[in-house]
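Note sheet for the following structure.
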Amino acid sequence: MQGVRVDLISANRLRNMPSTEKIQLILERVREGTIVILESGLSPQEQSELIEMTMMQIKPDQFSGIEIETYPGRTRQGGVLSRFIHQGSPDEGSRLTVIGPANQLTLIQKNKDLLSAWITTG
Amino acid sequence: MGFSQTFSMLLSRLFQKKTLRIGIYGPPNAGKTTLANRITHDWKEVSGNDGKISDIPHETRKALRNENISITGSSGNSITIDIVDTPGVTTKVDYNEFLEFGLCKEEAIKRAREATEGVAEAMHWLREDIDGVVYMMDATEDPFIQVNIMMVGIIESRNLPVVIAANKIDLPDAAPHTIRNAFPQHPVIPVSCLEGMKIDELYDAMIRIFR
């Protein structure tokens with residue numbers, strides 16, 4: 001049977017996990033072709049490390065990186081993007097985050113109310 | 001060396017103004033190297049290292065540093081900075097993209113490998129070794145791309161001073177106001193680094209924010 005595996009990881013599971021372990025967990029799954037949905041997003045520091053670790057794992061014809069998209073949470077002061085940016089701190093509310101292999105996950109539409117993506121089999 | 005000389009040297013080292021290391025960050029093809037080259041040409045007395053510019057993404061694959069550049073603004077204030085031109089930040093690099101620009105497979109794979117190494121290094125530096133950021137965005141593109149969202153968040157979380165350059169305003173479909181609306185919490189300077197349009201406003205903003 002053909003299909004795409006989707007893992008929804010709860011905020012509770014990630015809450016006490018060290019950043020490195022969290023990033024390894026995400027990248028291991030994404031490299032296998034799994035779409036990972038995080039109930040709570042990554043902190044900016046973790047996002048930075050995720051980009052760095054992703055770059056280090058890219059291999060020709062095997063893994064070309066990740067597509068990552070964040071669902072906006074509650075409105076804050078500031079511009080539209082500030083709703084996306086201030087994430088990761090438990091005090092600032094959770095931000096649903098979708099991460100998948102770059103060759104399988106394609107963003108179609110993103111606005112303050114909707115995150116729409118197209119997923120293909122690898 | 002006497003006590004007074006040693007004490008004086010220690011004091012001067014302690015209070016010596018450090019040259020700020022300013023990273024030029026942004027997605028690929030936003031014009032980072034064009035800005036770095038312009039700053040170097042405008043302000044460096046001895047010619048610096050020019051970065052190569054091309055339409056192929058990830059032309060800059062290794063950070064290029066130009067040191068001790070003194071910029072003086074319209075108010076007469078000045079700053080001395082090291083400029084670090086970094087590879088375009090992305091979450092994906094596929095060598096097949098480079099084949100479309102006429103590169104052979106071997107060259108494309110080499111370029112992709114160098115690009116990934118460069119981005120990883122640039123991200124590491126942002127966490128460890130950068131005092132301020134000029135964040136470049138292409139004003140003809142949607143500012144809502146995830147890389148912009150993540151990078152501005154990362155820069156804010158580090159409490160780094162940042163100036164956003166809304167580049168390519170010389171192009172007819174440039175819409176720098178969309179960037180300004182998206183990031184009202186930061187100074188956004190519409191600019192054309194290629195043509196030099198409003199470049200003095202960018203220098204003034206850099207002095208104001210990084211000083």
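The values are calculated or read from the model by the stated rules, or taken from the named source; none is laboratory data. Computed from a predicted model, the values in this text were never measured in an experiment. Heads up, the Cβs are rebuilt from the backbone with ideal geometry, glycines too, and the neighbour counts pull from every protein chain shown.
The residue that is modelled with the highest pLDDT, among those in segment A:69-85 that are under 24 Å from A:Met55 (Cα atoms) and at the interface with chain B (Cβ under 10 Å from one of its Cβ atoms), is A:Glu69. Of the residues that make up segment B:106-123, is at least one facing another protein chain (nearest Cβ under 7 Å), among the hydrophobic types (A, V, I, L, M, F, W, C), touching a Pro at 6+ places or on another chain (Cβ under 6 Å) and touching a residue at least 24 places away in the same chain (Cβ under 8 Å)? Looking through segment B:106-123, at least one residue is facing another protein chain (nearest Cβ under 7 Å), among the hydrophobic types (A, V, I, L, M, F, W, C), touching a Pro at 6+ places or on another chain (Cβ under 6 Å) and touching a residue at least 24 places away in the same chain (Cβ under 8 Å).
In segment B:63-89, which residues are within 14 Å of chain A (Cβ to nearest Cβ) and either surrounded by fewer than 22 Cβ atoms within 10 Å (Cβ to Cβ) or outside any loop (DSSP other than H, G, I, E, B) (or both)? Passing the criteria: only B:Ala63. Annotation: of all residues in segment B:147-174 being away from chain A (no Cβ under 14 Å) and more than 19 Å from B:Ile83 (Cβ to Cβ), the one that is surrounded by the fewest Cβ atoms within 10 Å (Cβ to Cβ) is B:Pro172.
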